[in-house]
């Protein structure tokens, strides 16, 4: 699932934490200072998010402290406990990535290994279908790790987390590997040609889990348990599909905007089904940061230094590599399920560690980490400006495309009416033509249409330079699915209002 930022809550947190940091400067004992800082941060963030359960571990200068605040069960008013288990979601991807690099060390595969090595046919090959051509033979293991496959993400195709939750929420159904591949392939073409760019994709990490099973000779759950969790000394970590019932019964409730919900663990698979606690996650990320999970020092160096790409076009200091997120010297990963959020990260140079968990999918763990670590996500204004201009151009093209699409359809229908000998075909075409004409009449009679287009054009020229009809045509051609004006009016209006305030850099 996708993350959601919450600037208001982050500011609330900073207001609560910054004064505390100033106060703790006079405390001599660093352990006491750290304990106060962590306790206050957990309590402040929980309170700012209406008593959401917060788990927090901070380790600095070899000193570690844990804290918890908020409610594990809102209805029963049960408080969270510091050692409770919580779903870590996509932070599980670090485990999957480590397993892949271990197998690379063993010479069983490489970053350049093609997926057709393991899957020669079947529905899975449809994932690489793009614009009439199949690129399956070009997709590599490295592309999956770096989210550059272009595959449809089976969890992020529903236009928002709430809709996905409504579709998949519940613990009853078990999803197989084949089920997940079908969910992805069933949505049609890939998003782009493999290797062209970055786009986060859970589907790729589910495939990586299956590759681990195939290459290692044992189920990927067992491989990660034996070669990563046990090696890191993790004793309170489970897979959602394998957790003992007595442990599951102790878990806190999961929420989405304070509404209780649950995610079938098999739906997350090797992209995000791990359940753990603060202490175990700290053991893992420290073992990784010290290189203890690899046989060769160069393996860790590859993960630390290679493959990174800007994760978001408007954030200049956030990068994604081989299963890791990097920001200001910290390496780790966040996660979100249908009821929990998490973030775990380490600075290998300083040894500082931050582990955060929440029991509401809409309460961001990363915000708490960045506030405590005094890290600001740097909005690259030039990049943001470019992205805004591209989006504005696209929306203008969409408006044009809607009208052009109708015009072509009308011509086709008129031809059928004039030339077809089948009375049923003529009748059907006539009805379709009447419906389109009514829709067009309604849309074009809306006085907002011409004024909105003019407003968009003025906003573009004020922010991005002279509007080019050639540019508009290029963008229009690139849009595969035409969208009628009435479907994008709200988005276009929002862009016009926001971009009218944008100044050229």
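A few points about this structure:
- Rounded to the nearest 0.05, the FRET efficiency derived from the C-beta distance between residue 434 and residue 50 at R0 = 51 Å is 0.50.
- In nm, spacing of pseudo-spin labels at residue 61 and residue 121 (7 Å Cα→C-beta vector): 6.6
- Computed Rg/Rh of the range 60-219, alpha carbon atoms with Kirkwood Rh: 1.05
- Remark: the residue 192-residue 214 segment gains 5.2 nm on full extension, using 0.36 nm per residue and subtracting the alpha carbon distance.
- Here 80, 152 are placed in order of increasing Cβ neighbour count within 10 Å, fewest first, which gives 152, 80.
- Separation of alpha-carbon centers, the range 32-51 and the range 227-279, rounded to whole Å: 24
- The listed peptides 298-304, 41-47, ordered by packing as a protection proxy, come out as 41-47, 298-304 (highest mean of other Cβ atoms within 10 Å first).
- Size-normalised alpha-carbon gyration radius of the range 86-372, reference 2.2 N^0.38 Å: 0.94
- Rounded to the nearest whole angstrom, the semi-axes of the ellipsoid equivalent to the range 181-254, taken from the Cα gyration tensor as √(5λ), stand at 30, 18, 12, largest first.
- Cβ-based exposure ranking for 255, 119, in which fewest neighbours within 10 Å come first: 119, 255
- Relative contact order (%) - the range 287-350, alpha-carbon pairs under 8 angstrom, separation at least six: 21
- Taking every C-alpha pair closer than 8 Å and separated by at least 6 residues, the mean separation divided by the residue count of the range 86-372 gives a relative contact order of 26 percent.
Read-outs throughout are calculated quantities, based only on the coordinates presented, and are distinct from any laboratory measurement. Please read these numbers as outputs of a predicted model, since none were measured by experiment. Positions of Cβ are generated from backbone atoms using ideal geometry, with glycine treated the same way; all protein chains shown enter the neighbour counts.
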